[in-house]
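The values are calculated or read from the model by the stated rules, or taken from the named source; none is laboratory data. Source: prediction; values computed, not measured. Ideal geometry is used to build each Cβ from the backbone, glycine not excepted, and the neighbour counts take in all protein chains shown.
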Amino acid sequence: MAFIYTTLAIIAMVFISPVIIPAALLWGLFYDVFYSELPPGIEQPLKLRFFHSLVMTTFILGKIFQKLGICSDLSLLRVVFTGIPPRRDSKLLIQDLKVDEVPLRIYQPKCPLTGKRRGILYFHGGAGTFGNISAFERICCHIAKQCNSVVVSVGYRLAPEHPYPGQYLDCLNATLYFMRNLEEYHVDPALIIISGDSCGANFATVVCQILLNRRDLPKVRAQILLYPGLQGLDFHLPSYQQNASVPLLFRKQVLYLCFRYLNKEPSVLEDVLQNHHVPETVKQKYKKWVSADIIPDNFKVRGYVPQKSTLYKPEVHEAIKEILGITFSPLLAEDSIICQLPESYIATCEFDVLRDDGLLYTKRLEDNGVKVTWYHSESGCHGILAFFGYGIFSFPSGEKIMDSVVNYINSL
């Protein structure tokens, strides 16, 4: 079904593009100029504005196509965010296969073996609703070569066609397959790393928590979480306020994509933005883990205003209660789980609405005795790695994050 929607989107763009696309481009640029904010210190603001205008144009066109009954807005997003696949690297052996209908792409260095390699699972971002293996191939190729590792990129099936929480199960099943076939790929069972960016980092977090109870499998050596989204409890944390209108991910877009991911009607979206979905008992239970009070003061100097208490609305909670579940919000897992997790690497970006999720999880892990390597990009924004490997179209902050990731993996 997703393939049919994508085909229809392409056909529609061909036939009606002379009229609609120029208008949408103008509206996308207008939206970016008047509604987005580019704070001092953010990297390459003009380039970022250009890309964000394209993103907003895609959203606008998608809405138009959906109204016309041509395809869903997500179908167009998937076309645009597929990216340009790189040429197959002659230094890598690349294998495509399916496990329980889930596509995997496995990258193995062709250089002679000097011993068993690390095995790295990578779950891509895209809010669980768009993105695919090809869009993140440059990242996986880079890690495979620079770390002399076997990298498994997982093309989990997308929501809402493949209902939540199927994305986690796809990632888990891919991980189980790989762990049970390490010998085939010459991977050291003591060097399994689970990684991901954005929602993919969320999936990696959940998979690592689930695997703690599996005594029949190798123990995960480390988890790598790149600007992760880890909780749906508080949308008024400092980073949500400071970066509410900063490209490439607005605060309201986070919720919109969450609703699409969970296949929920966005009728209560504004209420969730105001935290009306959280019962007072839940707020009190988790405020020791999710609270602006825990965020270091140096992250609050850029326009943070403490939130006043908000009214709880039971009907809002009922409409979107999945957002508070551990599968969606793994930051809320009990200490008895957190303390068993493997060594971790967490990357955050200053100009990212999800920044504080990473900060809070870093603190939780450290408080529970888990070793954490934290990398903070002072000039980066959310989604910066989507441009990695595109030459002049990439961002230096993304290159630095990847350098840091490679150094971390090679240190294990």
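Structural remarks
- In summary, L176 fulfils each of the numbered conditions (1) surrounded by 20 or more Cβ atoms within 10 Å (Cβ to Cβ); (2) farther than 30 Å from Y256 by Cβ with the single exception of condition (1).
- Contact annotation: residue pairs with Cβ atoms under 9 Å, 6 or more positions apart or on different chains, pairing a residue in segment 80-91 that is within 20 Å of L61 (Cα to Cα) with a partner that is in a loop (DSSP other than H, G, I, E, B) and polar (S, T, N, Q), are F81/N132; T82/N132; G83/N132.
- Against the list (1) assigned to a helix (DSSP H, G or I); (2) at pLDDT 60 or above, the condition L29 fails is (2).
- You will find that of Y240, Y261, Y227, the residue that is closer than 16 Å to L331 by Cα, in contact (Cβ under 8 Å) with a residue 24 or more places away in the chain and either of a type in the set (F, W, Y) or in the same structural domain as L121 (by TED's automatic domain parsing) (or both) is Y227 and no other.
- Tally of residues being in a loop (DSSP other than H, G, I, E, B), farther than 19 Å from S195 by Cβ and among the aliphatic types (A, V, I, L, M) across segment 320-336: 2
- You will find that of V406, V316, the residue that is assigned by TED's automatic domain parsing to the domain that holds Q253, touching a helix residue (DSSP H, G or I) at 6+ places or on another chain (Cβ under 6 Å) and under 28 Å from A190 (Cβ atoms) is V406 and no other.
- Taking the listed residues F387, F351, the one that is among the aromatic types (F, W, Y), in the same structural domain as A204 (by TED's automatic domain parsing) and in contact with a helix residue (DSSP H, G or I) (Cβ under 6 Å, 6 or more places away or on another chain) is F387, with no other qualifying.
- Test: residue in segment 94-106 that is in the same structural domain as A190 (by TED's automatic domain parsing), within 28 Å of Y408 (Cβ to Cβ) and in a loop (DSSP other than H, G, I, E, B): no
Yes or no, residue by residue, for (1) at pLDDT below 95; (2) of a type in the set (A, V, I, L, M):
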| residue | (1), (2) |
| --- | --- |
| Q241 | no, no |
| L248 | yes, yes |
| Y261 | no, no |
| E265 | yes, no |
| V268 | no, yes |
| D271 | no, no |
| H276 | no, no |
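- Of the candidates T114, T129, the single residue that is without any contact (Cβ under 8 Å) to a residue 24 or more places away in the chain, of a type in the set (V, I, T) and not in a helix (DSSP H, G or I) is T114.
- Count - residues of segment 157-199 that are in a helix (DSSP H, G or I) and of a type outside the set (S, T, N, Q): 16
- Check on K145, modelled with pLDDT of 95 or more, among the basic types (K, R), within 27 Å of Y390 (Cα to Cα) and surrounded by fewer than 20 Cβ atoms within 10 Å (Cβ to Cβ): yes
- Of note, A204 satisfies the criterion of being assigned by TED's automatic domain parsing to the domain that holds D96, within 19 Å of I139 (Cβ to Cβ), in a helix (DSSP H, G or I) and in contact with a Cys (Cβ under 8 Å, 6 or more places away or on another chain).
- Members of segment 377-392 found to be part of a helix (DSSP H, G or I) and in contact (Cβ under 8 Å) with a residue 24 or more places away in the chain, listed by number: I384, L385, A386, F387
- Close pairs from segment 337-348: first outside any strand (DSSP E or B), partner at pLDDT 95 or above and among the hydroxyl-bearing types (S, T, Y), Cβ under 6 Å, at least 6 apart: none
- Complete set of residues in segment 387-403 that are out of contact with any Cys (no Cβ under 9 Å at 6 or more places or on another chain), surrounded by 14 or more Cβ atoms within 10 Å (Cβ to Cβ) and closer than 22 Å to G126 by Cβ: F387, F388, Y390, S394, G398, E399, M402
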